[in-house]
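The values are calculated or read from the model by the stated rules, or taken from the named source; none is laboratory data. Just so you know, these numbers come straight off a predicted model, no measurement behind them. For neighbour counting, all protein chains shown are included, and Cβ atoms are generated from backbone atoms with ideal geometry for every residue, glycine included.
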Amino acid sequence: MCGIVGYIGNRQAAPIILDGLAKLEYRGYDSAGVAVFDGSKIHTEKAAGRLAVLEHLTRGGETMPGFSGIGHTRWATHGAPSDLNAHPHTNKQGTIAVVHNGIIENYIPLKKKLEKKGYEFVSETDTEILAKLLDYYYKGNPLEAVTKVLHRVEGSYALGIMFADFPGELYAARKDSPLIVGRNDDGCFIASDVPAILKYTRTVYYMDNQEVACLKADDLQFYSVDEEELSKESVTIDWDADAAEKAGYEHFMLKEMYEQPKTITDTISPRIHENDIVIEELNMSDEELREIRKIHIVACGSAYHAGVTAKYVIEGLARIPVEVDVASEFRYRNPILEQGAMVIVISQSGETADTLAALRESKARGFKVLGIVNVVGSSIAREADSVMYTWAGPEIAVATTKAYSAQLVAMYMLAMKMAKVRGLVDEKTFGSLLSDLRCLPDQVEMLLAQKEKIQHFANRYVGAKDIFFIGRGVDHAISLEGSLKLKEISYVHSEAYAAGELKHGTISLIEDGTLVVAVSTQEDLFAKTISNIVEVKARGAFVMAVTNEGNKAIEKAADYVVYLPETCNWFTNSLAIIPLQLFAYYVALARGCDVDKPRNLAKSVTVE
Ligand code: F6R
């Protein structure tokens, strides 16, 4: 949700800022803007539309001289995507400029108060309040003005601020929206995410809630909201800048799908010790694991779908009841958490507002929270009692693929560990599960190699209006994810249904030629799913089945079959998702959609 970049140092700021924004465009792409101090005043350029419009306008930043500046790429919340609503926002004189990610919840009363004092507003955004409020409090001391504003505003923010009176300083502040500060010999940076500045530095500082940073070309100070100086440790980023580049692939999504074998390996390998699973980060003894009475999994979107799979796998293997909640529901439904409950939140970004709120709600009630998180140092990673990282590396495409696959295997490992300490799997079964787990990377690779076959099939459904995904048990869980992947990037409407549920209403939507994707990987349910396939076929559906190698019986019922290599019942989602991701990708591609940046979406959803 919105990307922020700032730079102050010995080099021209605008090209560095635009370059950084390009790496953050996945966070929002409704409009973009840059403000730089050009030697005498703050010069602002902004434009509705993709970053490319602003890049064209400023010739990649060349037309904007100056050594300090802030930039923003927007995902609109308050006010339509337009030049006027684009950030940076300024005071009337243009001597204070602000970029903001987050939502100022009390902006209406603040706006009214400022209007009474004679302030006029030109945009519909909540952010403009910040510029005017800074103006109101600014009496020659920027730090004082910033902290006074932070005391007045409610909501979430990551801010980059500049004052024309202090061209040698940039200010940054955050609460509940991510912000990092970087430093090298040439200057200091602010950014919403590491890839934006990785080309320039690996030394970063993760800002905590309600902290303020003052950046200079050769100095960096951190303060509390009460202006007390803080000391902060830097972190060295050890992943490669190439990880955040397309590396010759047409889209980040395709590249990230192809990275899935590695992602799975990176997530499982460090936790497999000889013939055991060791999850040190859990910080839980076997005794504590045995005492868990119930697990609550809370997440959003695809991460929620990983949670749905986990419910089947944990309940099946470890026999612990699991409740899975969409985070935005969990936080407001006064959930019943009883003694012996464990809360697990799953998040790629580690910044999803609803998931973070669910984590806080659980902690406030005295429950320990385990975070399954991809982004190192993110808010969820820092606030959870323990963190199990998914080692997927930076995920840039808005639609998640590799992080989701890493979440799945992380959850399998947890389920296996729990089953083992509870004495529910013997050595032989555990060994066989472990060997199936180890085979997943190669099997995913084999499925990815079938991309042309799936592309060929996808091309037939470019004009489809509705597609249905059906499955039973874990196959229902993967249908949810397959359906989401398709609709978010191709804009083709689709629905996922438990295969047995379709006949309770939705089957009325099946007509001649409607595509139904039936996932059937559970041997004991083959016959049941085949019956459901037959039911939709009788109403004219065209059925693509995704099933296990050897299940030839399905060929009599389905029109088109994709076979998956053999694995155990619990891990089939990791394989079934591959043709579904490829299908979504190729339908979107054939429809001319912007695969990496689907309309209306953003990668990291830091608003409710
Ligand atoms: C879908 C997708 C979203 C995210 C959801 C949660 O492809 O990416 O549904 O899964 O917004 O995001 P995280 O995992 O960052 O909490």
### Summary
Those residues of the stretch 209-234 that are surrounded by fewer than 16 Cβ atoms within 10 Å (Cβ to Cβ) and either in a loop (DSSP other than H, G, I, E, B) or β-branched (Val, Ile, Thr) (or both) come to a total of 9
### Message
Which numbered condition in (1) within 16 Å of the ligand (Cβ to nearest atom); (2) modelled with pLDDT of 95 or more; (3) among the aromatic types (Phe, Trp, Tyr) is the only one that residue 252 fails?
### Response
(2)
### Task
Give the residue, chosen from 192, 231, 224, that is in contact with a Leu (Cβ under 7 Å, 6 or more places away or on another chain), farther than 24 Å from residue 574 by Cβ, of a type in the set (Gly, Ala, Ser) and free of Cβ contacts under 8 Å to residues at least 60 places away in the same chain.
224
### Message
So in the stretch 593-604, with the set limited to residues that are at pLDDT below 85 and surrounded by fewer than 21 Cβ atoms within 10 Å (Cβ to Cβ), which one is nearest to the ligand (Cβ to nearest atom)?
### Response
601
## Note on the structure
Going through (1) in a loop (DSSP other than H, G, I, E, B); (2) without any contact (Cβ under 8 Å) to a residue 12 or more places away in the chain one by one, residue 513 fails only at (2)
### Task
Being β-branched (Val, Ile, Thr) and more than 16 Å from the ligand (Cβ to nearest atom) is the filter; apply it to the stretch 473-511 and report the residue that is nearest to residue 301 (Cα to Cα).
474
### Matching residues in the stretch 312-356 - criterion: being without any contact (Cβ under 8 Å) to a residue 24 or more places away in the chain and not polar (S, T, N, Q)
315, 329, 332, 333, 336
### Selection from the stretch 1-20 of residues that are within 17 Å of the chain's Cα centre (by Cα) and either more than 12 Å from residue 160 (Cα to Cα) or not β-branched (Val, Ile, Thr) (or both)
1, 2, 3
## Note on the structure
The lone condition residue 581 fails out of (1) away from the ligand (no atom under 12 Å from the Cβ); (2) at pLDDT 95 or above; (3) surrounded by 16 or more Cβ atoms within 10 Å (Cβ to Cβ); (4) not aliphatic (A, V, I, L, M) is (1)
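Filter the stretch 146-178 down to residues that are more than 33 Å from the chain's Cα centre (by Cα) and small (Gly, Ala, Ser) and give me whichever is surrounded by the most Cβ atoms within 10 Å (Cβ to Cβ).
Among those that are more than 33 Å from the chain's Cα centre (by Cα) and small (Gly, Ala, Ser), it is 164.
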### Query
From the list 553, 590, which one is more than 26 Å from residue 262 (Cα to Cα), touching a residue at least 60 places away in the same chain (Cβ under 8 Å), away from the ligand (no atom under 16 Å from the Cβ) and surrounded by fewer than 20 Cβ atoms within 10 Å (Cβ to Cβ)?
590
### Qualifying positions in the stretch 206-224 - at pLDDT 95 or above and either among the aliphatic types (A, V, I, L, M) or within 18 Å of residue 381 (Cβ to Cβ) (or both)
211, 212, 213, 215, 217, 220
### Task
Would you mind telling me which numbered condition in (1) under 24 Å from the mean Cα position of the chain (by Cα); (2) crowded, with 22+ Cβ neighbours inside 10 Å; (3) basic (Lys, Arg) residue 487 fails?
(2)
### Cross-chain or 6+ apart pairs with Cβ under 6 Å, the stretch 288-303 first and in contact (Cβ under 8 Å) with a residue 24 or more places away in the chain, then among the hydroxyl-bearing types (Ser, Thr, Tyr) and within 13 Å of the ligand (Cβ to nearest atom)
299/355; 300/352; 300/355; 302/400; 302/404; 303/347
### Message
Among the residues of the stretch 461-482, are any of a type outside the set (Asp, Glu), in contact with a Pro (Cβ under 9 Å, 6 or more places away or on another chain), on the phi > 0 side of the Ramachandran plot and not in a helix (DSSP H, G or I)?
### Response
no
### Query
Considering the stretch 390-410 alone, what residues qualify as being within 13 Å of the ligand (Cβ to nearest atom) and either in a helix (DSSP H, G or I) or surrounded by fewer than 22 Cβ atoms within 10 Å (Cβ to Cβ) (or both)?
402, 403, 404, 405, 406, 407, 408, 410
### Task
Please enumerate the residues belonging to the stretch 556-587 that are in contact (Cβ under 8 Å) with a residue 60 or more places away in the chain and part of a strand (DSSP E or B).
560, 562, 564
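Here's a check for you: in the stretch 463-472, which residue that is buried (at least 21 other Cβ atoms within 10 Å of the Cβ) and more than 22 Å from residue 601 (Cβ to Cβ) is farthest from the ligand (Cβ to nearest atom)?
Going through the qualifying residues, I end up with 472.
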### Message
Is it the case, given these coordinates, that residue 375 is more than 27 Å from residue 419 (Cβ to Cβ), within 15 Å of the ligand (Cβ to nearest atom) and either out of contact with any Ser or Thr (no Cβ under 6 Å at 6 or more places or on another chain) or not in a helix (DSSP H, G or I) (or both)?
### Response
yes
